[in-house]
Amino acid sequence: MTEHYTESQGSGNYWRTITNTGDQANQNKRDTVNAMDVGYEIHRAMVVGNFSQYTWWYIRRCYGLIMEKDFGNKLQIPSNEIGKVSKRGYVMSQFARFIRPGAVRVGATAKPEANLFASAYKSAGGDSVIVVLVNRDYGNDKEVTVKVQGADVQTFHMYTTSETKNAKDEGEVEVKNGEVTIKMQSGGNNFKDCIVTLVGVGTPANPIPREPFGGKVAEIPGKIEAENFDIPGTGKENKTYNENDSDNHGDSDYREGTGVDIYKKATGYIVGYNQAGEWLEYTVNVKEAGDYTFFAAVASANATSGFNMTLDGNELTGDISVPKNDGEENYDDYNKVQKNVSLTAGQHILRFTVVGDWMDVDYFTFVKGKDATDPEPIGGTTGITTAVGAVPMTETEAFRLFDMNGGYIGIVHANGVGELRSNASRLVKRGGVYLAKSLRGGQMHRISVAK
């Protein structure tokens, strides 16, 4: 249903359109099917209709940006979706989150190839370029090259909404020779479009440099807490961490706004939920050149977890495997891993990079000399109480279940991790790793579900 009308306000005439996307009277069509059309609808409004504004009238409705039950009883909305951001909400965020008031649409090839649609925008201050791509090819992934000649952009941050992703932060892609190439998912036979937003920030005239956390450079020899990575500045060279998504899956607001997954244990803060490709950087000062022994306190329930360390971009340790703990989902027991390394004196950038998924890291220690004695040895278990799976269940509890993007799934009741995993399996649609948060005490459990 579409209505067009003009309205006189003062001395000006305003043309508006009201559009209902999808067939809301057809209960056989699910929200996700209708919702994925919204990206193409907004594209057409901005590019073909040359709209100056696109407004979603109702926020919380069965067809809104936040899900509500259908009071007309035409659509069957699952109870665990009510109150959550809907797929429509995530689709609209691909535009609205980045194209803010005052932005202007700039030239872009509207349909660079079959079933691919593009629009581009410049922020009000002119310091950001936003490109929105809609793939309506329901059977084929696409490799798309975006040319950005004339724009002072070194990297684009990439966000994706599709059947399986909700505004997922895909990390950065580098602009080379004025071009950037990305891969887009197919829309899928059932869920249609895949939408990618590329956000490029130009290099500031006066870049803000990074800063050591707390204003103090970490000294070597010495101990470095994993959560105390540098404070980022502006510009590509001043980035201090890379996170695969923007949500903090930990239980702490320490380093709030970074998206780095931090939670608290008895010994302090821990960086957890580490996935391959994520990294953290620290400004360090090596007091004296020579041989050192590197130690790291790590925990994992995964046999393939691992990381490496580099110094100023040069290999330092090589890949280090993290020992797998006994027992499923056991991230409570910490182990020490070590390597002999050679360091030069002076100030450097130390980088921790994850090369194998699902590990937690507490801290790093550098001790002078080869095969040096660990100043904080771990014997058996650490005695650390973790917020993830720390407190044994002695009676049936209720848990909120979330996916690893932070999406709420529903309530699960269980007495014990085994029952929690079994009951969660009945609720989720696909296998994977999920987070269960106790309604009683707030403890978080990370569980693997096979389907």
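All of the numbers you see were taken from the coordinates with simple rules; none came from a lab. Here the structure is a predicted model, which is why all the values come from computation and not from measurement. Counting neighbours? That spans all protein chains shown, and the Cβs are built from the backbone with ideal geometry, glycine included.
Quick one: of LYS84/LYS142; LYS111/LYS183; LYS87/LYS437, which pairs are farther than 20 Å apart, Cα to Cα? Could you put the intermediate results ahead of the total?
Values: LYS84/LYS142 30 Å; LYS111/LYS183 17 Å; LYS87/LYS437 23 Å.
As for pairs spanning more than 20 Å Cα to Cα, those are LYS84/LYS142; LYS87/LYS437.
Order these by the 10 Å Cβ neighbour count, fewest first: ASP326, ASP312, ASP137. Working shown, then result.
Details: ASP326 8, ASP312 12, ASP137 18.
Exposure proxy ranking, most exposed first: ASP326, ASP312, ASP137.
Taking a point 7 angstrom from the Cα of GLU41 along the C-beta vector, which residues in the stretch 51-70 have backbone N less than 17 Å away?
51-68, 70
For ILE66, which sequence-distant residues (separation of 5 or more, or a different chain) have an amide H within less than 5 Å of its own amide H, given hydrogens modelled in the peptide plane?
HN-HN under 5 Å from ILE66: ARG60, ARG61, SER86.
Set the Förster distance to 35 Å, then compute FRET efficiency between GLU219 and LYS324 from the Cβ-Cβ distance, nearest 0.05. Can you show the working numbers first?
Numbers: r = 33 Å, r/R0 = 0.93.
The value I calculate is 0.60.
Starting from the Cα gyration tensor of the stretch 397-449, take the square roots of the eigenvalues, sort them a ≥ b ≥ c, and report rounded, prolate or oblate (rounded when a/c is under 1.5, otherwise prolate if a/b is larger than b/c, else oblate). Intermediate results must be reported in sequence, preceding the final value.
On the way: a/c = 1.64, a/b = 1.21, b/c = 1.36.
It is oblate, given that a/c is not under 1.5 and a/b is not larger than b/c.
Find how much the distance from SER425 to ALA96 grows on full extension, using 0.36 nm per residue of separation minus their present alpha carbon separation; answer in nm with one decimal. Can you show the working numbers first?
On the way: separation 329, 0.36 × 329 = 118.44 nm, distance 3.46 nm.
115.0 nm is the gain from fully extending SER425 to ALA96.
For HIS413, HIS445, what's the fewest-to-most ordering of other Cβ within 10 Å of each Cβ? Kindly include the intermediate steps, with their values, before the conclusion.
Values: HIS413 12, HIS445 25.
Final ranking by Cβ density, sparse to dense: HIS413, HIS445.
Excluding same-chain residues fewer than 8 positions from LYS223, which lysines have a Cα within less than 22 Å of its Cα?
LYS264, LYS265, LYS287, LYS336, LYS339, LYS368, LYS370
Tell me the label-point distance for the pair LYS111, ASP253, using the 7 Å Cα-to-Cβ offset, in nm and rounded to one decimal.
With each label point 7 Å from Cα toward Cβ, the separation is 4.9 nm.
Could you give each residue of the stretch 49-57 its phi-based ³J(HN,Hα) in whole Hz, using Karplus coefficients 6.51, -1.76, 1.60 with θ = phi - 60°, and x for Gly or Pro?
Once rounded to whole Hz, the list reads x, 6, 5, 9, 7, 10, 10, 8, 5.
Report the paramagnetic label zone for GLU376: residues of the stretch 338-370 whose backbone N is under 13 Å from a point 7 Å from Cα along the Cα-to-Cβ axis.
361-367
Quick check on the exposure proxy: order VAL134, VAL337 from fewest to most C-beta atoms within 10 angstrom.
On the way: VAL134 26, VAL337 16.
Arranged by neighbour count, lowest to highest, VAL134, VAL337 become VAL337, VAL134.
Give me the net charge for the shell around GLY125: Cβ to Cβ below 14 angstrom, other residues only, Lys and Arg +1, Asp and Glu -1. Display every interim value, and only then the final one.
On the way: positive: ARG100, LYS122; negative: ASP127, ASP152.
Local charge sum for GLY125: 0.
Using θ = phi - 60° and the Karplus curve 6.51 cos²θ - 1.76 cosθ + 1.60, what whole-Hz ³J(HN,Hα) does each residue of the stretch 210-225 get, with Gly and Pro shown as x?
5, 9, x, 4, x, x, 10, 5, 5, 9, 10, x, x, 10, 10, 6
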